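Q: Here it is, the structure in full.
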Amino acid sequence: MCGIASLQLRDPALRGSLGELMHGMLCGIVDRGLDSAGMALYGDPGLTPTGTSTVTLLDVTLEPEELAAALRGALPAGTEVAVRMFGETTLVNASVASAALEACVAELLPTAHVAGRGEHVAVLKGTGHPLDLAAQYGLEGISGSQGLSHTRMATESAVTASGAHPFTVADDLCLVHNGSFSNHATIRRQLRAEGVTFDSENDSEVAARYIAWRMADGDSLTTALEKLGTVFDGFYTLVVTTPTSMAVVRDPIACKPAIIAETDAWVAMASEYRALAHLPGIENARIFEPAPGIVYTWTLDSTKELVTL
Amino acid sequence: MTILSATLAPTQTVDLAASTVRELNAALHQAADATSWVVDNPAGAHNIAVGIDRELEVTVNGHVGYYFAGMHQRGKVTVHGSAGVGLAENIMSGTVHVTGDASQATGATGHGGLVIVDGNTGARCGISMKGVDIVVGGDIGHASAFMAQAGRLVVCGDAGEGLGDSIYEARIYVQGAVGSLGADCIEKPLRAEHLAELAELLLAAGRDDDPALFKRYGSARTLYHFAAANSHSY
């Protein structure tokens, strides 16, 4: 069991309340995974300031001010750098491209794990009670366009911050997973042969790498998920986000739960209805369970794509 | 006399925004027969109205979570909303009615009683049913009535793939399309006694669908005995 809750806010008037709404949703999925949790928050001006790239680090051995000083020394003169710690997560913002920032971090901190990257998303994750983590992250004060949270009950790999979801292996592309893949070792080997590198033995990372690999090759999010359904075997409900899109897919057997609610102002997905029960306007929302094997994608221009696997 | 005075007792209302599910269920387990209860603000909570064994009339206003009215016996429970996984799981008797949709495993392993879902259900509706009657106004998902042993499943809409896989003796009636039939499940003739029981079930569910428009499915009984032709598999 794991819990997923994701929210895309179409109505700009609600975006100041993203974190508050997500906190209420998180409360509804806490029981499904108490060992660790994580979230991806898109568009908060404090976490991901405009004009900077953002990298999430785990296993950082330096204090934030030490790391900030080291980065200022290593990056081009005049680069603005901010480093903050949220529990086990170290969040770095810098006014350079994310690839440059990531390369610089890798050189300064070869043992650190890069758990998030991009310009629009802040990934925060750690071990412990999900609501304690939410307090560490200041979730209730966050604003933005979209967010994704996951509470984990570990099965396929260790209970560590790096094993917590979301997995963010390409800029601004985040994946959370409820379930387990049975052929992830085979696909990992195949992707390694294609030159893809991995951080962990986690099965969900393989799905994130696969989607990133397909999208780097030109596939849309929907198409990448459609292809995932033909390659991956196992149980899964997945939610994958980009800065403008949110996609949900369940495996064709549909053992893992998912429920979607949609209004003109927002679309939300959660493992259980109780995570949606307190959203504004839920009483008039269109509420349904996503059908097995169908990719549902919503983009912030309010269009929805439907693809049958 | 006792029953009359109980019937006249005012309805008791429980607000789940103020009370816990445990408090509600404990009260329902101790309630006098023929009393009626209204439950507000369920907010998708799990295990609401589980284990009732009284002649109660319970109305829930809003959506409920997992295992609503599990192990239900006697009385009638109505949800004005939708229900999560395992609605009326292992129901023994009485009636459970959901006006919206229900998730997967509706009426799973139910031994008796009647489960009514006015909308659709997810996968595995009536899985391993052992005598319960289930009437669904809309569609049901895949792998429904898997290993169904006894009881009747009525579907006014469509059924998903693998309907009635490895079915024993339950009877399935579907008005719409069937995605596919599971192993050993076949279409069977709709005889007068089937039309009669179907009319009775539709009436009990408050529906006016025409029984003659349904098809009946059940066990081909080819899995009951070992087939000598398969001996080379062992």
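The values are calculated or read from the model by the stated rules, or taken from the named source; none is laboratory data. Worth saying up front: this structure is predicted, and the values here are computed from it rather than measured. Ideal geometry is used to build each Cβ from the backbone, glycine not excepted, and the neighbour counts take in all protein chains shown.
Q: Out of the residues in segment A:1-30 that are out of contact with any helix residue (DSSP H, G or I) (no Cβ under 9 Å at 6 or more places or on another chain) and of a type in the set (D, E, K, R), which is surrounded by the fewest Cβ atoms within 10 Å (Cβ to Cβ)?
A: Checked segment A:1-30; the qualifying residue surrounded by the fewest Cβ atoms within 10 Å (Cβ to Cβ) is A:D11.
Q: What number of residues in segment A:123-156 are free of Cβ contacts under 8 Å to residues at least 40 places away in the same chain and not in a helix (DSSP H, G or I)?
A: Looking only at that region, the number is 1.
Q: Also: Give segment A:66-98 a look and list any residue that's of a type outside the set (A, V, I, L, M, F, W, C) and in contact with a strand residue (DSSP E or B) (Cβ under 7 Å, 6 or more places away or on another chain), or say none.
A: A:R72, A:T79, A:E80, A:R84, A:G87, A:E88, A:T89, A:T90, A:N93, A:S98
Q: A follow-up question, please. Among (1) closer than 29 Å to B:I140 by Cα; (2) of a type in the set (A, V, I, L, M); (3) more than 12 Å from the chain's Cα centre (by Cα); (4) in a loop (DSSP other than H, G, I, E, B), there is one condition B:M92 misses while meeting the rest; what is its number?
A: Result: B:M92 passes all but (3).
Q: Exactly one of these conditions fails for B:A143: (1) farther than 15 Å from B:V117 by Cβ; (2) at pLDDT 95 or above; (3) touching a strand residue (DSSP E or B) at 6+ places or on another chain (Cβ under 6 Å). Give me its number.
A: Here B:A143 meets the rest and fails (3).
Q: Another question about this same structure. All but one of (1) within 13 Å of chain A (Cβ to nearest Cβ); (2) among the β-branched types (V, I, T); (3) farther than 24 Å from B:A150 by Cβ hold for B:T106, so report the exception by its number.
A: (3)
Q: Continuing with the same structure: Quick one: A:D233 ticks every box in (1) over 29 Å from B:G44 (Cβ atoms); (2) surrounded by 22 or more Cβ atoms within 10 Å (Cβ to Cβ) bar one, so which box is it?
A: Only one criterion in (1) over 29 Å from B:G44 (Cβ atoms); (2) surrounded by 22 or more Cβ atoms within 10 Å (Cβ to Cβ) is unmet by A:D233, namely (2).
Q: Something else: Can you tell me how many residues in segment A:241-270 are within 14 Å of chain B (Cβ to nearest Cβ), farther than 18 Å from B:G44 by Cβ and in a loop (DSSP other than H, G, I, E, B)?
A: Counting residues in segment A:241-270 that are within 14 Å of chain B (Cβ to nearest Cβ), farther than 18 Å from B:G44 by Cβ and in a loop (DSSP other than H, G, I, E, B) gives 5.
Q: Working carefully through the options B:G100, B:G138, find the one that is within 14 Å of chain A (Cβ to nearest Cβ), within 18 Å of B:Q175 (Cα to Cα) and either surrounded by fewer than 24 Cβ atoms within 10 Å (Cβ to Cβ) or of a type in the set (F, W, Y) (or both).
A: B:G138
Q: Also, quick follow-up: Specify the residue that is nearest to the other protein chains (Cβ to nearest Cβ); the eligible residues are those in segment B:47-65 that are over 17 Å from the mean Cα position of the chain (by Cα) and in a loop (DSSP other than H, G, I, E, B).
A: B:G62
Q: Within segment A:271-289, track down each residue that is surrounded by 20 or more Cβ atoms within 10 Å (Cβ to Cβ) and more than 9 Å from chain B (Cβ to nearest Cβ).
A: A:S271, A:L279
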